[in-house]
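A short worksheet on the structure shown next.
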Amino acid sequence: MSEQVDLLISARWVVPVDAADSTLEHHSVAIRDGRIVDVVPTNTAHERYRATTETRLPDHVLIPGLINLHTHAAMTLMRGIADDLPLMTWLQTAIWPTEAKHVSPAFVRDGTLLAAAEMLRGGITTCNDMYFYPDAAADAFNTLGMRCVIGITTIDFPTTYAASADEYLSKGLAARDAWRGNPLVHFTLAPHAPYTVSDATFSRIVSLSNELDLPIHIHIHETTQEIADSLKQYGERPLERLARLGVVDSQLIGVHAVHLTAGEIQTLARHGCALAHCPTSNMKLASGIAPIADVLKHNIPVGLGTDGAASNNRLDIFQEMRMAALLAKVGTQDAAVIPAKTALRMATQHGACALGLEHAIGSIETGKWADLCAVDLSPFETQPCFDPVSHLVYCAGREHVSDVWIAGQACVSKKQVLQKADNELLGVARVWQNKLSSRID
Ligand SMILES: [Zn+2]
């Protein structure tokens, strides 16, 4: 007697990113009620399962949906508005003035919609976002059926969104309440950075994190300037200050962490912290090379992030996998560090672990949500193929993503985003091109 399932996906290769680092040939993934029921050889799948829908991927590798562990999704609307500047100059002369003039719920909804469409088509099924107007961001992700982790962004200076740290927190928590019960929408506390958040606000955030079991998503040690300024203002390095305030614990997702001492790496490991590595953003803003090979030796989960589209400028985790592998080799002069399988694990399982979602996503294993990405390796530029994991990191790109599912629902099919037509998305981009062009002289 065969068992009924909703969907059976049969692929040339399945790379589940499991403990054994398996690469399975000619395997099928059975899905029911949005979750993975089984991963079996295709030649036995039909004896065991009757599927309502069956998808055959004869030249494809099926991998867990990619996780973008750090982005500012709505910043797609500011992509290319200013490039080739150091971080503080870029923020102060280009980004912050544009945000002051334009950021609104409509800006966030539209910018996030474009970001979500770009990410989905590139095989990203979950993103950890940090921006303003969390309700508008959640709404945009939800429109496309994408899994999202929305930051309750907090800064100790006023913006058009909120006037005080209290207002940032209360608005963010209200958004969290409004989306409670939606299995695709999660939240973090997101104090922007040590240099924009006061001690008192950090203390409040630590209490909320403990009380509500929420991760803390924060930029840390991005530049040497940030560390020098903190030493001048507080007499301690940012991580020392955060440790004193109780922020350095198992809920911490530290973003960038480019400049770390050996002692700081040990501290992060001891407290069970996670990091988000954004190699392209670090290179573009000339922030430096994060010591990720060392960090990984300490068993610290390190997911990959794109950062915002204004500092990357692609929301492309295939690119980040490749850059993470290459930059680590350059930084250490050791070609063996961050091999392809590690880069893929960072982009999937480590990201899930950092978010506290390792039980739910990040690998193709029974019981997890069916968040899946199919990559078509049939084109001549990806043939011959001796090792699909090598191709995923060093050869293929997001343009080879053919199909994407989130909780078993098709979100991308034949390279097309299903929930929003391309011409609608282009229309959204055109509206903001006109509005923002008024600032570019
Ligand atoms: Zn960032």
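Applying 1/(1 + (r/R0)^6) with R0 = 30 Å to the Cβ-Cβ distance of residue 23 and residue 210 gives a FRET efficiency near 0.15. In sequence order, region 114-130 has phi-based couplings of 5, 5, 5, 5, 4, 5, 4, 5, x, x, 8, 10, 9, 9, 9, 9, 9 Hz under the Karplus curve 6.51 cos²θ - 1.76 cosθ + 1.60, θ = phi - 60°, and Gly or Pro positions carry x. Determine how large the accessible area of residue 113 is when every protein chain is in place; take a 1.4 Å probe and give Å² rounded to the nearest 10. Here the residue's solvent-accessible area equals roughly 20 Å². Panel values: region 57-177, Kirkwood radius from alpha carbon pairs, Stokes-Einstein at 10 °C and 1.306 mPa s, translational diffusion coefficient 104 µm²/s. In this label model, residue 4 and residue 44 are separated by 2.5 nm, measuring between points 7 Å along each Cα→Cβ vector. With a 1.4 Å probe rolled over the protein heavy atoms of all chains, the accessible area of 179, 96, 432 falls in the order 96, 179, 432, largest first.
With a 1.4 Å probe and all protein chains kept in place, how do 394, 133, 49 rank by accessible area, largest first?
Heavy-atom accessible area, descending, gives 394, 133, 49.
Accessible surface of residue 334, taken over heavy atoms with a 1.4 Å probe and every protein chain present, rounds to 60 Å². Computed from the Cβ-Cβ distance with R0 of 45 Å, the FRET efficiency linking residue 234 to residue 54 stands at 0.15.
Convex hull of alpha carbon positions in region 1-121: directionally averaged projected area 11.3 nm².
Could you work out the percent of alpha carbon pairs in the chain separated by over 35 Å, rounded to a whole number? Across the chain, Cα pairs with separations above 35 Å total 26 percent. Here the Gaussian network model covers the chain, with springs between Cα atoms less than 10 Å apart; of 321, 88, 346, 88 fluctuates the most. Count the lysine pairs in the chain whose Cα atoms sit under 30 Å apart, keeping only pairs 8 or more residues apart in sequence or on different chains. Close lysine pairs under the 30 Å cut-off: 24. In this label model, residue 159 and residue 314 are separated by 2.7 nm, measuring between points 7 Å along each Cα→Cβ vector.
From a point 7 Å beyond the Cα of residue 387 in the direction of its Cβ, which residues of region 340-357 have a backbone N at a distance under 13 Å? Answer for region 340-357: 340-344. Adding -39500 (n - 2.57) for every DSSP H run of four residues or longer, then dividing by how many residues the chain holds, sets the calculated 222 nm ellipticity at -10500 deg cm²/dmol. Taking 424, 54, 118 in turn, the Gaussian network model of the chain (Cα-Cα springs below 10 Å) assigns the largest fluctuation to 424.
Order the following by accessible area, largest value first: 42, 261, 382. Probe radius 1.4 Å; ligands, DNA and RNA are ignored.
261, 42, 382
The values are calculated or read from the model by the stated rules, or taken from the named source; none is laboratory data. The model shown is predicted, which means the values in this text are computed figures rather than measured ones. Counting neighbours? That spans all protein chains shown, and the Cβs are built from the backbone with ideal geometry, glycine included. Areas reflect the complete protein model, heavy atoms only, side chains present, ligands, DNA and RNA absent. Shrake-Rupley method; radii C 1.70, N 1.55, O 1.52, S 1.80 Å.
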